[in-house]
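A.B. asks: Once you've had a glance at the structure underneath, I'll fire off some questions.
The values are calculated or read from the model by the stated rules, or taken from the named source; none is laboratory data. In this text, all values refer to a predicted model and were calculated from it rather than measured experimentally. Neighbour counts run over all protein chains shown; Cβ positions are idealised from the backbone, glycine included.
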Amino acid sequence: MLVGTRTQVGFGGVRVRPRGEPQRLEGARPLFDGASLEGWRAEPEGAFEVDDEGLLVAARGPARIVAAGEGLADLELSARVKINEGGRAALWLRAREVGGALEGYAVEINSSNTAPAKTGSVRGLSEIRTHLVGEDTWFDLRLRCRDEEHGTRIQVTIDGALVADVLDPARRHAGGAVAITNEHEGSRLEVERLEVSAS
């Protein structure tokens, strides 16, 4: 949305693409069953819950939840999520708990929090400062992490559009689990679907 008074604005090269149904990952398995937190470990306890609609909800923070399994390296992850106004969260790939903190590739979920890195940013590698998704808006987030000849490539797709494609030449995270963090009190993240395909 543009707001202005007595101002001329010009646009060029604008393309509009209708949003279709998200393509499901081939051979994917759900990480969240819509009924329980089985297979997950939350800290602090009770910070994440499954609501009456079968959504995974993080309504307290700071908090984190880590999926069972430490050996995930090359993978694709598909999620349908939304974040509230002012909220900030992250979806982690190759996550490991080291000294009480998470390490791994963290992809930001931030529609309107004051932190500069917005939804789709890969912490420490790629910072998106543009608001790509509004607060309290469901969107499809797809992440791909693969080792290549010259490093580890992380790709982030939002509603079918590639928004980040970065290479980590240092390969700083070799493998780990999938995790979610809710970054602060007052942040509310909702997850409708979360599935992974690992090779």
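A.B. asks: Filter region 85-122 for residues that are surrounded by fewer than 24 Cβ atoms within 10 Å (Cβ to Cβ) and polar (S, T, N, Q) and give the result.
C.D. replies: The answer is 111, 112, 113, 114.
A.B. asks: Any residue at all in region 102-118 that is without any contact (Cβ under 8 Å) to a residue 24 or more places away in the chain, closer than 24 Å to residue 60 by Cβ and assigned to a strand (DSSP E or B)?
C.D. replies: yes
A.B. asks: Another question, if that's okay. If we keep just the residues of region 93-109 that are under 17 Å from residue 157 (Cβ atoms) and not aliphatic (A, V, I, L, M), which is nearest to the chain's Cα centre (by Cα)?
C.D. replies: My answer is 108.
A.B. asks: Just give me the residues in region 16-57 being at pLDDT below 75 and over 21 Å from residue 143 (Cβ atoms), in sequence order.
C.D. replies: Result: 16, 18.
A.B. asks: So, one more: Taking interchain pairs and intrachain pairs at least six residues apart, which have beta carbon atoms under 8 angstrom, with the first residue in region 55-78 and over 23 Å from residue 28 (Cα atoms) and the second among the aromatic types (Phe, Trp, Tyr)?
C.D. replies: 58/48; 63/48
A.B. asks: Go through region 139-197 and tell me which strands (runs of 3 or more DSSP E), entirely inside it, have 1 or more residues that are of a type in the set (Val, Ile, Thr), surrounded by 22 or more Cβ atoms within 10 Å (Cβ to Cβ) and touching a Leu at 6+ places or on another chain (Cβ under 7 Å).
C.D. replies: 151-158, 177-182
A.B. asks: Here's a follow-up. Restricting to region 63-95, name every residue that is under 21 Å from residue 36 (Cα atoms), assigned to a loop (DSSP other than H, G, I, E, B) and not acidic (Asp, Glu).
C.D. replies: Hits for region 63-95 are 68, 69.
A.B. asks: Right, another one. In region 75-97, what count of residues is obtained for those that are within 15 Å of residue 109 (Cα to Cα) and not hydrophobic (A, V, I, L, M, F, W, C)?
C.D. replies: Of the residues in that region, 8 qualify.
A.B. asks: Right, something else. Report every pair of residues separated by at least 6 positions or lying on different chains whose Cβ atoms are under 9 Å apart, first residue within region 166-183 and under 13 Å from residue 73 (Cβ atoms), second of a type in the set (D, E, K, R) and surrounded by 22 or more Cβ atoms within 10 Å (Cβ to Cβ).
C.D. replies: Cβ pairs passing all conditions: 173/94; 174/94; 175/94; 176/94; 177/94; 178/94.
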